[in-house]
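The values are calculated or read from the model by the stated rules, or taken from the named source; none is laboratory data. The model shown is predicted, which means the values in this text are computed figures rather than measured ones. Here the Cβ positions follow ideal geometry from the backbone for every residue, glycine too, while neighbour counts run over all protein chains shown. Each accessible area value is taken on the protein alone, full model and side chains, heavy atoms only, with ligands, DNA and RNA left out. Shrake-Rupley method; radii C 1.70, N 1.55, O 1.52, S 1.80 Å.
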Amino acid sequence: MAMAALRREGRRIAGPLMSPQPVNPLRSSLASSEEHALTGVRFISTQVVRNRMKSVRNIQKITKAMKMVAASKLRAIQTRAENSRGLWQPFTALLGDTPSVDVKKNVIVTISSDKGLCGGINSTSVKISRGLYKLNSGPEKESKYVILGEKAKAQLVRDSKKDIELSITELQKNPLNYTQVAVLADDILKNVEYDALRIVYNKFHSVVSFVPTTSTVLSPEVVEREAEAGGKLGELDSYEIEGGETKTEVLQNLAEFQFSCVLFNAVLENACSEQGARMSAMDSSSRNAGDMLDRLTLTYNRTRQASITTELIEIISGASALEG
Amino acid sequence: MSLWAYLSIPNEAHSSYQIGPHCSSLSFHFLPRNSTLRDTRFQNLEMLRQAQRFLLTRASASATRSTRPFSTDLPAETAGDSKFIDAWKKLIPNMDPPKTPSAYMAPRPPTPSTIPSKLTVNLVLPYDSVLSAKEVDMVIVPATTGQMGVLPGHVATIAELKPGILSVHEGNDVTKYFLSGGFAFVHANSVADIIAIEATPVDHIDLNLVQKGLAEFQQKLSSASTDVEKAEAQIGVDVHSALNAALTG
């Protein structure tokens with residue numbers, strides 16, 4: 001009778017442990033200790049559960065701290081990103097937005113983060129880049145990648161290694177400023193031949209919403225070609241050019257300036273999105289750790305009570321055996 | 001109201017914002033909740049069916065009407081975008097197409113038939129929009145070919161700027177900023193966009209430091225050996241002499 005109760009108790013403990021748990025190591029460690037203890041009693045030791053709880057609690061503290069760090073970094077960079085939003089608007093007002101332009105040499109500039117644990121934004125950027133590559137592939141057309149950030153490089157190097165022209169990492173070692181981005185833009189323009197530059201980044205809408213976006217910067221030759229063809233840039237011919245010797249020179253400077261401005265805004269927006277995504281990833285991680293801790297606490301209490309019950313049963317059955 | 005989500009037509013950006021205002025006006029026709037549920041529901045469905053037809057016709061009508069002859073960017077932009085979106089959807093159906101900058105920008109006003117009385121100026125820097133949509137009488141920009149005055153109705157221009165003073169005239173007030181260089185676009189609809197890297201009000205500049213800097217860069221220019229050093233020193237001399245002229249002249 002007592003043994004049946006004990007067996008039932010053991011099965012009740014084993015039950016929640018054996019149910020599908022999100023963490024496999026938990027199950028395996030408990031299962032192994034259960035097998036070890038199977039010879040004596042049919043429940044696991046509280047020590048194992050306590051160790052597990054300690055490590056989950058530590059993880060929860062770490063993720064909470066990371067969330068707060070990301071929140072403070074986000075606050076700092078969000079004002080700068082919002083202030084820089086006016087920078088690309090005059091260019092779009094003048095030259096229009098031409099994502100569907102048909103050119104021979106496409107360069108896809110993918111902006112991503114260096115550090116991980118920031119949700120799915122880097123994967124989204126890479127997927128969009130691959131999509132743009134596919135969209136602009138065809139006879140006589142070629143697309144190349146310029147990658148900013150470690151995470152996109154890790155993903156793109158797997159299947160498009162030969163198409164990566166340039167990759168730049170450690171962008172955020174020093175706080176982002178325009179001079180640094182201008183130098184970077186200059187580097188890219190000098191080393192890469194392009195007809196159209198497509199910058200892929202995550203635009204920061206709010207702390208929970210990041211929208212993948214692509215901005216297109218055309219080379220001066222393509223601008224002239226599109227202006228002659230009419231359509232969006234058809235109005236461009238009506239603009240008088242002041243300064244510089246020739247129209248081509250001014251358009252060249254304009255294209256370079258446009259690229260550096262658009263890149264600056266894109267880098268800031270992506271940095272904001274990264275911090276926001278990290279905040280929400282760490283927040284859900286802390287919440288998960290909290291849930292796991294609750295479950296483990298229940299398990300621990302049950303284990304503890306079961307061992308007390310076992311002791312009592314042993315004592316009582318021993319006593320009743322002596323008596324009767 | 002989940003029924004409105006069913007109604008929304010996921011097409012071009014311009015048509016979707018056309019539907020919004022109609023939605024709110026039609027929602028007033030819904031009967032209050034305390035009337036008998038079945039009648040309300042039937043009447044609502046009928047209203048919705050009519051609304052859907054109404055919205056579809058309105059959306060298509062407005063799409064054909066939106067080819068305004070003087071607008072510099074509105075119809076062409078959406079055409080380009082929809083071409084991109086369609087091409088994307090055909091090739092990559094599982095992923096939403098990325099947004100493009102035109103989706104985040106308010107469209108510019110069309111070119112009016114008469115010359116407006118005020119010029120709208122936007123002065124943007126990488127760190128801040130100093131002036132955004134400010135109505136002024138005149139601005140004088142430091143173009144590479146000299147100081148250029150821009151009045152409302154100025155011909156459309158793209159001007160490269162050199163370091164110099166930008167003065168904004170509003171009635172009797174004149175605000176002066178020292179620009180480090182950039183570009184200025186004047187559009188046919190009397191909107192001027194000035195993009196510079198730095199713009200400081202002239203009273204924030206210290207004359208002594210300027211003169212010291214000028215002397216230093218002139219000395220560097222005379223002792224420069226490589227082309228790069230010469231170019232850098234020349235830029236320093238240009239900027240400092242412009243600053244000097246701005247403060248003293």
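At-a-glance table
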| quantity | calculated |
| --- | --- |
| From phi via Karplus (6.51, -1.76, 1.60), per-residue ³J(HN,Hα) for the stretch A:66-76 in Hz, x at Gly/Pro | 5, 5, 5, 4, 5, 5, 6, 5, 5, 4, 5 |
| Gaussian network model of chain A, springs between alpha carbon atoms under 10 Å - residue of A:Q252, A:Q172, A:Q47 with greatest fluctuation | A:Q47 |
| Distance (nanometres) between label positions extended 7 Å along Cα→Cβ at A:I315 and A:L293 | 3.3 |
| Debye log10 I(q)/I(0) at q = 0.24, 0.29, 0.30 Å⁻¹ for the stretch B:207-248, Cα point scatterers | -0.69, -0.89, -0.93 |
| Counted charge near A:S137, where neighbours are those whose Cβ lies closer than 15 Å (Asp, Glu -1; Lys, Arg +1) | +3 |
| Using a Förster distance of 56 Å, the FRET efficiency for B:D86-A:S45 (Cβ separation, nearest 0.05) | 0.30 |
| Cα-derived Rg over Rh, computed across the stretch B:76-187 with Rh taken as Kirkwood radius | 1.11 |
| Those residues of the stretch B:111-149 for which accessible area with every protein chain present is at least 50 Å² below the isolated value (1.4 Å probe) | B:P126, B:Y127 |
| Accessible area, probe 1.4 Å, largest first, for residues B:H204, B:H154, A:H205, B:H187 | B:H204, A:H205, B:H154, B:H187 |
| Zero-based 10 Å bins, Cα pair distances in chain A, whole percents | 5, 21, 21, 15, 11, 9, 8, 5, 3, 1, 0, 0 |
| Flagged links, alpha-carbon separation over 27 Å, of A:K153/A:K190; A:K64/A:K127; B:K162/B:K220 | A:K64/A:K127 |
| Assigned charges on the beta-carbon of Lys, Arg, Asp, Glu; the stretch B:207-248 dipole about Cα centre (debye) | 140 |
| Cα-Cα separations in the stretch B:138-239 greater than 24 Å, expressed as whole percent | 34 |
| Difference of contour (0.36 nm per residue) and Cα-Cα distance, A:E142 to A:S206 | 19.5 nm |
| Kirkwood-Stokes translational diffusion coefficient of the stretch A:209-324, alpha-carbon pairs, 10 °C, 1.306 mPa s, µm²/s | 74 |
| Neighbour net charge for A:Q172 - beta-carbon separation under 14 angstrom, K R +1, D E -1 | +1 |
| Summed side-chain charge close to B:L119 - residues other than B:L119 whose Cβ falls under 13 Å, Lys, Arg +1, Asp, Glu -1 | -2 |
| Simple spin-label estimate for A:I59 and A:R75 in nanometres, 7 Å along Cα-Cβ | 2.9 |
| Computed label-point distance, nm, for sites B:L209 and B:Q147 using a 7 Å Cα→Cβ extension | 2.5 |
| Estimated Rh, the stretch B:159-202: Kirkwood, alpha-carbon pairs, angstrom | 11.0 |
| In the stretch B:104-194, the chymotrypsin sites (Phe, Trp or Tyr not before Pro) that fall in loop regions by DSSP, at most 12 other Cβ within 10 Å | none |
